[in-house]
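Enquirer: Structure below; questions to follow.
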Amino acid sequence: MSSGSQLLSGRTALVTGASRGLGRAMAIALAREGVNLVLTARSQVALAEVRREAESHGSQVFSMALELDQSADGIAEFADRAWRESGGIDVLFNNAGVTFYRSCLATTAQEWSRLLSINLSAVFFMCQSFGRRMLERGRGKIINVASDLGIRGEVNWSAYSASKGAVVALSKSLAWEWAPKVSVNVIARGPFFTDANRAMFDAPDIRSAVEERVPLNMIGDPERHLGPAAVLLAGPGSDFMTGAVIRIDGGICRS
């Protein structure tokens, strides 16, 4: 059973990239507040444990494998099924994406195309498919997960920074385009412990170097620092917010 306040009981949220890391933390935090969930990741098997945990808090869960590196038609078909199976999505979290650390001159055309396909095009078409349905219904919230690197940039992160900066710009434009019925906000996350980078941050020298650059002198923990933000943005606490870029980065993005 849920130990949360059930503040969002009865709402339905879709979380992409929900099988681990940031997506998992947001999904479980929402389940604790009584949110029903539609969970996606590349592997249905990888979603099984998250689904079980969410259901243990009383959440009704529909899970489905989804490859975001596909056509707009493929995403539209997924949206149609997800909307039909769930009875409608109140909140969409576009969290899934890939990281890419390489200099601009070393980045190939193929790598650039794949990065933009997953980090930007998929976000655009997810917003388009679910935003259309939310507008027809007259309400909805969309939260796109970007990065501090999409705001401040960084050496050897040029392609990734470009993809995430574009997500910020897209979200701000949609906030104007779809108000007042649908709000669109951004989580610009900083360095977090995830399954993908934990081995790197477990190296004492790398961890110390990153912590020294973060004013709060820590690396983020998804459950402690991102889950509560997801609850805020999914609920009435964000009813007077749209086009906002919420930086959850320990202060590393200073402007």
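The values are calculated or read from the model by the stated rules, or taken from the named source; none is laboratory data. Keep in mind that this is a model prediction, so the values were computed, not measured. Every residue, glycine as well, gets a Cβ built from its backbone with ideal geometry; the counts of neighbours run over all protein chains shown.
Enquirer: Residue by residue through the range 159-191, note down the ones that are modelled with pLDDT under 95 and either touching a Phe, Trp or Tyr at 6+ places or on another chain (Cβ under 9 Å) or assigned to a helix (DSSP H, G or I) (or both).
Expert: Correct list: P191 only.
Enquirer: Okay, next question. Could you tell me which of the residues A122, A96 is under 16 Å from I75 (Cβ atoms) and part of a loop (DSSP other than H, G, I, E, B)?
Expert: Testing whether each residue is under 16 Å from I75 (Cβ atoms) and part of a loop (DSSP other than H, G, I, E, B) leaves just A96.
Enquirer: Restricting attention to the range 225-255, which residues are of a type in the set (D, E, K, R) and either surrounded by 12 or more Cβ atoms within 10 Å (Cβ to Cβ) or closer than 15 Å to I187 by Cβ (or both)?
Expert: R247, D249
Enquirer: Another question, then. List the residue pairs whose Cβ atoms are under 9 Å apart, where the first residue sits in the range 11-30 and is closer than 17 Å to A122 by Cβ, the second is of a type in the set (S, T, Y) and part of a helix (DSSP H, G or I), and the two are 6 or more positions apart or on different chains.
Expert: Hits for this filter: L14/S86.
Condition check ((1) aromatic (F, W, Y); (2) closer than 18 Å to L226 by Cβ; (3) at pLDDT 95 or above; (4) buried (at least 18 other Cβ atoms within 10 Å of the Cβ)) across all residues:
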| residue | (1), (2), (3), (4) |
| --- | --- |
| V35 | no, yes, yes, yes |
| L39 | no, yes, yes, yes |
| V50 | no, yes, yes, yes |
| V61 | no, no, yes, yes |
| M64 | no, no, no, no |
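Enquirer: Here's something else I'd like to know. Going by the structure shown, is R213 of a type in the set (D, E, K, R), modelled with pLDDT under 95, exposed (fewer than 14 other Cβ atoms within 10 Å of the Cβ) and at negative phi?
Expert: Criteria met by R213.
Enquirer: Considering each of R102, R81 in turn, give the residue that is assigned to a helix (DSSP H, G or I) and of a type outside the set (A, V, I, L, M).
Expert: Exactly one of R102, R81 is assigned to a helix (DSSP H, G or I) and of a type outside the set (A, V, I, L, M), namely R81.
Enquirer: Let me ask you something else. I'm trying to understand the selection: among the residues of the range 137-152, which are of a type in the set (D, E, K, R), in contact (Cβ under 8 Å) with a residue 60 or more places away in the chain and not in a strand (DSSP E or B)?
Expert: D148, R152
Enquirer: Checking the condition out of contact with any strand residue (DSSP E or B) (no Cβ under 7 Å at 6 or more places or on another chain) and farther than 23 Å from T194 by Cβ, which residue from A72, A82 passes?
Expert: One residue alone meets the criteria, A72.
Enquirer: Return the only residue of F93, F130, F100 being crowded, with 23+ Cβ neighbours inside 10 Å, touching a Phe, Trp or Tyr at 6+ places or on another chain (Cβ under 8 Å) and of a type in the set (F, W, Y).
Expert: F130
Enquirer: Moving on to the next point. From the list F193, F201, which one is of a type outside the set (V, I, T), over 19 Å from V245 (Cα atoms) and in contact with a strand residue (DSSP E or B) (Cβ under 8 Å, 6 or more places away or on another chain)?
Expert: From the options F193, F201, the qualifying one is F193.
The rows are residues; the columns are (1) within 20 Å of the chain's Cα centre (by Cα); (2) within 26 Å of A31 (Cβ to Cβ); (3) in contact (Cβ under 8 Å) with a residue 60 or more places away in the chain.
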{"residue": "A48", "(1), (2), (3)": "yes, yes, no"}
{"residue": "S86", "(1), (2), (3)": "yes, yes, yes"}
{"residue": "L105", "(1), (2), (3)": "no, no, no"}
{"residue": "L116", "(1), (2), (3)": "yes, no, no"}
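Enquirer: Do we have any residue at all in the range 161-179 that's touching a Leu at 6+ places or on another chain (Cβ under 6 Å), surrounded by 14 or more Cβ atoms within 10 Å (Cβ to Cβ) and among the hydroxyl-bearing types (S, T, Y)?
Expert: Among the residues of the range 161-179, at least one is touching a Leu at 6+ places or on another chain (Cβ under 6 Å), surrounded by 14 or more Cβ atoms within 10 Å (Cβ to Cβ) and among the hydroxyl-bearing types (S, T, Y), which makes the answer yes.
Enquirer: May I ask you to list the residues in the range 191-224 that are among the polar types (S, T, N, Q) and closer than 16 Å to V145 by Cα?
Expert: Listed by number, the list holds a single entry, T194.
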